[in-house]
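Input: a single structure, listed below in structure tokens.
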Amino acid sequence: GTTASTQLQSYASLTELTTTALEKVHASQRLEKRLAALQTLNAISQAVSVETDLNAFYGVIHREVDNVMGSVNFAIATYDNVTDKIEIPYLYDNKEVRSVPAFPLGEGLTSILIRTRQPLMLVEDTERRTREMGAKLVGAPAKSWLGVPLLVSGDVIGAIIVQDLEHEGRFDEDDKRLLMTLASQVAVAIRNARLLEGTYRQGARQRLLYDITNKIRSSPNLDTILQTTARELSLALGARRA
């Protein structure tokens, strides 16, 4: 009895030591992950202030997310509430980067995320839970799926999505909080880029109208005015006839 009791105490002590060691390892891993997340947020903040090319900016976000989460499928989706369509300008899948043309808001997880404007994380029984939500599955479902909306003044303009096709439990609450923080910066960057693009287009139209007006004013007679107007409008609008 004494020997058995001593053995049990030894096993209990060993279990306690093992548990303590594992807790230290997990705490160290969490600390490393949080430090990496802080570095990521700093890098994204700098990119927001200097990067004007959205595709290049998406690449920066993808690289920084990889630093924290490891290699995962990564996507930036944008949403146009006028056309009610989703576009995916940046998709990292099967070790390559590509884009997906605009498609109507539907019944997939991304569409549900955009409709609800709420983060969505599925990390176990993903296929069953996806069907229970009423979402349609296209292709093989991911084992872990995490998406957060891109919001500007309460309006949804897109989403950030990460997936792991093979492993459950791939993401946790820390990952969700990180993506939510990133999303606020990404949404601002997209809004600013759209405003800049709109300003550029407006400026280009004004310059074009100014040039056409000058050419019309310099025309010597009515026939030349009409010919100049038709020709310049055709060039400006890409029309074959005017």
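The values are calculated or read from the model by the stated rules, or taken from the named source; none is laboratory data. Note that the coordinates shown come from a computational prediction; the quantities given were computed from them, not determined experimentally. In this analysis, Cβ positions are derived from the backbone assuming ideal geometry, glycine residues included, and neighbour counts consider all displayed protein chains. These accessible areas exclude ligands, DNA and RNA; they are computed on the full protein's heavy atoms, side chains included. Shrake-Rupley method; radii C 1.70, N 1.55, O 1.52, S 1.80 Å.
Things to note:
- Qualifying residues in region 50-63 (those that are in contact (Cβ under 8 Å) with a residue 60 or more places away in the chain and part of a helix (DSSP H, G or I)) - the one nearest to N192 (Cα to Cα): L54
- In summary, S45 fulfils each of the numbered conditions (1) at pLDDT below 85; (2) among the small types (G, A, S); (3) not in a helix (DSSP H, G or I) with the single exception of condition (3).
- So V188, is it crowded, with 16+ Cβ neighbours inside 10 Å and more than 13 Å from Y79 (Cα to Cα): no
- Among residues of region 154-187 being assigned to a strand (DSSP E or B) and of a type in the set (G, A, S), the one that is farthest from the chain's Cα centre (by Cα) is G158.
- Members of region 113-127 that are touching a Leu at 6+ places or on another chain (Cβ under 8 Å), under 24 Å from L178 (Cβ atoms) and not in a loop (DSSP other than H, G, I, E, B): L113, I114, R115, L120, M121, L122
- Scan of region 159-176 for residues that are over 20 Å from P89 (Cα atoms) and either open to solvent by 50 Å² or more (accessible area, probe 1.4 Å) or touching a Gly at 6+ places or on another chain (Cβ under 9 Å) (or both), ordered by number: L165, E166, H167, E168, G169, R170, D172, E173
- Just so you know, in region 108-140 the residues that are touching a helix residue (DSSP H, G or I) at 6+ places or on another chain (Cβ under 7 Å) and more than 14 Å from I160 (Cα to Cα) include one that is most open to solvent (accessible area, probe 1.4 Å), and it is M133.
- Restricting T110, T130 to residues that are within 21 Å of I61 (Cα to Cα), in a helix (DSSP H, G or I), β-branched (V, I, T) and out of contact with any His (no Cβ under 6 Å at 6 or more places or on another chain) narrows the list to T110.
- Qualifying residue in region 156-165 (condition: of a type in the set (S, T, N, Q) and under 18 Å from I61 (Cα atoms)): yes
- Residue satisfying all of: in region 142-153; in a loop (DSSP other than H, G, I, E, B) and in contact (Cβ under 8 Å) with a residue 24 or more places away in the chain; least open to solvent (accessible area, probe 1.4 Å) among these: A142
- Candidate set from region 75-107 (those that are open to solvent by less than 80 Å² (accessible area, probe 1.4 Å), free of Cβ contacts under 8 Å to residues at least 24 places away in the same chain and assigned to a strand (DSSP E or B)); member that is farthest from I190 (Cα to Cα): D93
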